[in-house]
1. Please find, among Asn362, Asn256, the residue that is polar (S, T, N, Q), assigned to a loop (DSSP other than H, G, I, E, B) and exposed (fewer than 13 other Cβ atoms within 10 Å of the Cβ).
2. Select from region 63-85 the residues that are under 20 Å from the mean Cα position of the chain (by Cα) and in contact (Cβ under 8 Å) with a residue 40 or more places away in the chain and write down the one among them that is surrounded by the most Cβ atoms within 10 Å (Cβ to Cβ).
3. Filtering region 140-183 down to residues that are outside any loop (DSSP other than H, G, I, E, B) and of a type in the set (Val, Ile, Thr), which residue is nearest to Gly242 (Cα to Cα)?
4. Under the condition of being in contact (Cβ under 8 Å) with a residue 60 or more places away in the chain and part of a loop (DSSP other than H, G, I, E, B), which residue from region 260-286 is surrounded by the fewest Cβ atoms within 10 Å (Cβ to Cβ)?
5. Being surrounded by fewer than 17 Cβ atoms within 10 Å (Cβ to Cβ), at pLDDT below 95, outside any helix (DSSP H, G or I) and not β-branched (Val, Ile, Thr) narrows it down to one of Ser127, Ser109, so name that one.
6. Please find, among Thr311, Thr298, the residue that is free of Cβ contacts under 8 Å to residues at least 24 places away in the same chain and either assigned to a loop (DSSP other than H, G, I, E, B) or farther than 30 Å from Pro367 by Cβ (or both).
7. Ala60 - would you say it is free of Cβ contacts under 8 Å to residues at least 60 places away in the same chain and part of a helix (DSSP H, G or I)?
8. Can you pull out every residue in region 340-353 that is surrounded by 19 or more Cβ atoms within 10 Å (Cβ to Cβ) and out of contact with any helix residue (DSSP H, G or I) (no Cβ under 6 Å at 6 or more places or on another chain)?
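The values are calculated or read from the model by the stated rules, or taken from the named source; none is laboratory data. What you see is a predicted model; the values in this text were computed from it and never measured. With ideal geometry, Cβ positions are generated from the backbone for all residues, glycine too; neighbour counts draw on all protein chains shown.
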Amino acid sequence: MKTLLRVMLLGLVSLSAQAREAPQPSTLATQLNCQAPTSAPAATASQDQFDQYSWQLFIALNWPAQDGQRGTPNCSKQPGDSGYTVWQTYKTVSEIFLPGAANPGPWNSPLTARSLGIINIAALKNSSLVNSIDQAVGGWLIDQAGNPTYYDISANQASYNYIVGNNFYNANVVSKANTINFPNGVIEVKSSWRILTARDNASHYLTQFARVARFNSQGQRMGVGEAYLGLVGLHIITKVNGYPQWIWSTFEQVENVPPKANVNGQWVDQPVVGTAYSYFNAAAPAATLNQSPCNWQTQGTQLVCVPKPGTTFQTPNPLNRVTPIADVTQWVNNNYRTNPGLQRSVLKYYQLITTQRPLMPNNPSNPLGQPTPALSANVTMESYIQPNSSCMNCHSMATPVKSPFKSDFSYLFKFANAPVTPHATDKE
């Protein structure tokens, strides 16, 4: 047993070294394809091959969509052309999980106006005091302009068809399901957005107008209003053949926080002169970085975030990146971001943070498959848990609401609603 552990630890060290190995070839063949890849690299492939897979997904999902065809790219267009991107036409949680567990209908329904009300992804993963541990690591995220970060989650047609075909949009049904197993080809997308202000260069963002929830100084919802939003983070998770634990790709807008450089063995921030970073404040004391803004208070069966003393819902939450982007991933980023075909597109202002996948996806003694790299954190989504954040570890615990059964690495079913129970009427 000790020998096995020693071998596994050596393997992890080797993988870590491989992820940072240098030098790399100066260029990479970065063809732009409107179709998402249908297969992933072999489990033993190098990090750069998985990172290329992530970029291919990112480009295909951000290709302009065919008018009137959800999830279908218009391959006669190019990245940067007008219109919704492919993933923006996926079904959102508000379209899948309707009030009263109503059937959400056909996949190719007309697009509706976007509405974003989620400000706290972590807290939504669990809904009662029984699961309060994961809740308490979350909290809203206020950018340096004093505005909240908003979130949305959406699913492609393969995911939608599986959910609807099994009536899993109904909380009463899905909470009893003990064999949730999405088919290969499923893609889920989690996005994070911030309100663009006069200080922002909107041409550096994928943008959209949307109705967003408004809040008072204590973070309590106070109606809705329209806002001009810029994309700051994107998780893309795919279930492909050979990877029952899925593959996890996470991207960010490059001006979220500054890049880092290794100077004499220390990672040092390298802010670009003239760049106003969305979540970084160079003057913020180190002790204030990446700290949840919440004092968690019990209200009924819920934990509610209340601003810490001396702060309000408008107080910025300064962030920094805890785990630097690996050299090999930066190399892949540089090659894709400088691709001539992306120079008309905002995609050149986004970067891959990492691709997490199982190193041993089919090892019966290790159901998680050994997540590689071990850590994966998007600063806009795992802001306050970066030192130990692992997408695969977190999602391996996903269950529907009030269910003991696992939901195949998907937290979508936390949004499922129960049917409306008719009230008995008094006889006249």
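1. The unique qualifying residue is Asn362.
2. Start the filter on region 63-85 by keeping residues that are under 20 Å from the mean Cα position of the chain (by Cα), which leaves 63, 71, 84-85.
Add one more test, that the residue is in contact (Cβ under 8 Å) with a residue 40 or more places away in the chain, and what stays is 71, 85.
Working: Gly71: 23, Thr85: 19.
Looking at the filtered set, the residue picked out is Gly71.
3. Initially, region 140-183 is screened for residues outside any loop (DSSP other than H, G, I, E, B), giving 142, 148-155, 157-165, 170-174.
Adding the requirement that they be of a type in the set (Val, Ile, Thr) leaves 142, 149, 153, 163-164, 173-174.
Values: Ile142: 39, Thr149: 35, Ile153: 25, Ile163: 22, Val164: 25, Val173: 28, Val174: 25 Å.
This residue is Ile163.
4. Per the stated criteria, the residue is Ala276.
5. Just one listed residue meets the conditions, Ser127.
6. Values: Thr298 fails: free of Cβ contacts under 8 Å to residues at least 24 places away in the same chain.
None of the other options fit; the residue is Thr311.
7. Yes; evaluated as a whole, the condition is true for this residue.
8. Selection gives Ser345, Val346, Leu347, Tyr350, Ile353.
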